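Any read-out appearing in this document is the output of simple, stated calculations on the displayed coordinates, not a laboratory observation. Note that this is a predicted model, so its numbers are computed, not measured. With ideal geometry, Cβ positions are generated from the backbone for all residues, glycine too; neighbour counts draw on all protein chains shown.
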Amino acid sequence: MESEEATNLVGDDDGADPLALLSRAARLTDQPYGAEQAVALLASSDVAAAQRWLIEKFGLEPGPRASTARPDINPRVASVVTSRGLIQLHQATTGLQPPARSGTASAMVVVTVDDVSTIADRLRDCNEAQVRGPYPTSYGVWELTVIDLDGHPWCFHSPASEGETP
């Protein structure tokens, strides 16, 4: 049974304060929901190219990749990993289209990094991606937003250095 706090994430006293919302969400992680890991699954027009691009431009690590009998055939499934997560890339299907093809993104991948400027430097001369930032936020982090080759929005954020006001 869900707790009242779980069903009402924004309390009466929180209003639209993002720090209060994050604090409340952090307390919910102690709840026994039974889920051990969430995996983002992104539709891709070219799984192999998307995996290479995410590794090169974002500095992600290669993850498991569905093998095929012929190495010249694009895999249907591949992945990239962070130190704490997995992002699976899946060949586009009738019911699962990348935003660049469907025209709409309904989610964003958010990744915490040590320094967003490292990723910004990798993307500086990249004409394939739409990049915004790094820019300071009102909640104490630097953010970099990127639209990848398949139209998926990504947000990278890193904490401001001590004494630094983003």
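A few comments on the model shown:
- Summing charges over neighbours of Gln88, with a neighbour being any other residue whose Cβ is under 12 Å away from its Cβ, gives +2 when K and R count +1 and D and E count -1.
- Separation of the Leu96 and Gln37 label points, Cα + 7 Å toward Cβ, nm: 1.7 nm
- Mean separation of Cα contacts under 8 Å, 6 or more apart, over the residue count of the stretch 37-159: relative contact order %: 25 percent
- Overall, the stretch 37-159 carries a charge dipole of about 320 debye about its Cα centre when +1 sits on the Cβ of Lys and Arg and -1 on the Cβ of Asp and Glu, all other atoms neutral.
- Of Ser83, Ser158, the sequence from fewest to most neighbouring Cβ atoms within 10 angstrom is Ser83, Ser158.
- Cα→Cβ-extended label distance, 7 Å offset, between Ala107 and Thr82, nm: 1.4 nm
- Neighbour counts of C-beta atoms inside 10 Å place Ser102, Ser138, Ser44 in the sequence Ser138, Ser102, Ser44, starting with the fewest.
- Fewest-first ranking of Phe156, Phe58, using other Cβ atoms within 10 Å as the exposure measure: Phe58, Phe156
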